[in-house]
Amino acid sequence: MAQIIGGITTSHIPAIGNAISKELFDDPYWVPFFEGYPPVRDWLADSKPDVAIVIYNDHGLNFFLDKLPTFAVGAAPEYHNADEGWGLATLDPYPGDPELSWHVIESLVADEFDITSCQEMKVDHGFTVPMSLFWPNRKEVGIKTIPVCINTVQHPLPSPSRCYRLGQAIGRAIESYDKDLKVVVLGTGGLSHQLDGERAGFINKEFDLMCMEKIVSDPEALTGYSIHDIVRLAGAQGTELILWLAMRGALTGTVSKLHGNYHIPISNTASGLLLLENAA
Ligand code: DHB
Ligand code: FE
């Protein structure tokens, strides 16, 4: 059977993508950020997952305000990247696993999550930046991907509680797949940030650190917040926290934190990193 070996969260700030392209790994501005990642890459190299379920939000590349599904799951043989306006280099396509995608889609719909299935899906920085951070050598490793896209862009957004339960349903879907695959679940985005309006630049370190602790030890505690609570506490784009909660929901076993990092400022955003192991 397929097995979820762990979950990883990271911010997906586009500036990181440019810093990677320019190899700014030793630049003093970037060191406190990049130094968080080697332990995660080492863990991935040791544990060798076959598939990454990437829970992220599209920022106007594949979906726009005219048509915006609440939950969408990729079912394509590969996923193409393009730049939706941040000036990032276009990266090579990411291999998919359509058979596992369809299993997840069927299982989610049977579980009463009415999602949009996408046999074509372009992936933006919300997907690609974390993939570059975790698998700089992704072609050698051959990691397959399943994009799971949650709307954090146009209100109404799904509640934290709904996203946590979606994650639990993804966990059940993976664990009922009869191939011996190792699966890792990524939750991208966050932490506190607001990119525009009167509160542009808003960061709430105390709230971020509380979330990073609770998401490990007591994720249910975060499901009591409404989306508007999160906007108030973490900024308009801090709602990306729901992507982290969906990741956490998928970890159904005994969860232990192996590594974490928190750093401000990266661009306008407090960046957070967590590596969680999921023991059966
Ligand atoms: C930034 C953060 C994001 O999450 C994003 O999607 C785009 C930009 C930023 O901090 O610049
Ligand atoms: Fe974002």
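The values are calculated or read from the model by the stated rules, or taken from the named source; none is laboratory data. This structure is a prediction, so every number in the text was calculated from the model and none was measured. We place every Cβ from the backbone using ideal geometry, glycine too, and count neighbours over all the protein chains shown. These accessible areas exclude ligands, DNA and RNA; they are computed on the full protein's heavy atoms, side chains included. Shrake-Rupley method; radii C 1.70, N 1.55, O 1.52, S 1.80 Å.
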Practice prompt. Using the structure shown, decide if residue 137 is at pLDDT 95 or above, away from ligand 1 (no atom under 14 Å from the Cβ) and not hydroxyl-bearing (Ser, Thr, Tyr).
Written response: yes
Discussion item. Taking the condition of being over 17 Å from the mean Cα position of the chain (by Cα) and not hydroxyl-bearing (Ser, Thr, Tyr), how many residues in the stretch 105-126 meet it?
Written reply: 13
Worksheet entry | Single residue of 200, 234, 221 found to be open to solvent by 40 Å² or more (accessible area, probe 1.4 Å) and within 14 Å of ligand 1 (Cβ to nearest atom) | 200
Worksheet item: Which numbered condition trips up residue 213, out of (1) closer than 24 Å to residue 133 by Cα; (2) within 16 Å of ligand 1 (Cβ to nearest atom)?
Response: (2)
Worksheet item: What residue, among those in the stretch 141-196 that are among the aliphatic types (A, V, I, L, M) and part of a loop (DSSP other than H, G, I, E, B), is surrounded by the most Cβ atoms within 10 Å (Cβ to Cβ)?
Response: 191
Worksheet item: Which one of 14, 39 is within 16 Å of ligand 2 (Cβ to nearest atom) and under 29 Å from residue 257 (Cβ atoms)?
Response: 14
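I need the full set of residues from the stretch 257-278 which are more than 16 Å from ligand 2 (Cβ to nearest atom) and open to solvent by less than 50 Å² (accessible area, probe 1.4 Å), in order please.
Listed by number, the residues that qualify are 259, 260, 261, 262, 263, 274, 275, 276, 278.
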Worksheet item: In the stretch 216-242, what residues are in contact (Cβ under 8 Å) with a residue 24 or more places away in the chain, under 14 Å from residue 192 (Cβ atoms) and part of a helix (DSSP H, G or I)?
Response: 222, 230, 233, 234, 236, 237, 238, 239, 240, 241, 242
Practice prompt. Find the residue count for the stretch 1-30, including only residues that are away from ligand 1 (no atom under 16 Å from the Cβ), open to solvent by 40 Å² or more (accessible area, probe 1.4 Å) and touching a Leu at 6+ places or on another chain (Cβ under 8 Å).
Written response: 1
Worksheet, complete the sentence: How many residues of the stretch 110-140 are in a strand (DSSP E or B) and open to solvent by 70 Å² or more (accessible area, probe 1.4 Å)? The answer is 1
Item to complete: Determine whether residue 239 is of a type outside the set (Gly, Ala, Ser) and within 14 Å of the chain's Cα centre (by Cα).
Response: yes
Worksheet item: So which residues in the stretch 1-33 are part of a loop (DSSP other than H, G, I, E, B) and under 20 Å from residue 191 (Cβ atoms), if there are any at all?
Response: 11, 12, 13, 29, 30
Fill in: Residue selected from the stretch 31-43 under the condition over 16 Å from residue 266 (Cβ atoms) and among the hydrophobic types (A, V, I, L, M, F, W, C), by the criterion most open to solvent (accessible area, probe 1.4 Å)
43
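Being within 25 Å of residue 271 (Cβ to Cβ) and either within 16 Å of ligand 2 (Cβ to nearest atom) or in contact with a Leu (Cβ under 6 Å, 6 or more places away or on another chain) (or both): is that true of residue 137 here? Don't jump to the end; show me each part of the working.
Values: within 25 Å of residue 271 (Cβ to Cβ): yes; either within 16 Å of ligand 2 (Cβ to nearest atom) or in contact with a Leu (Cβ under 6 Å, 6 or more places away or on another chain) (or both): no.
Answer is no for this residue.
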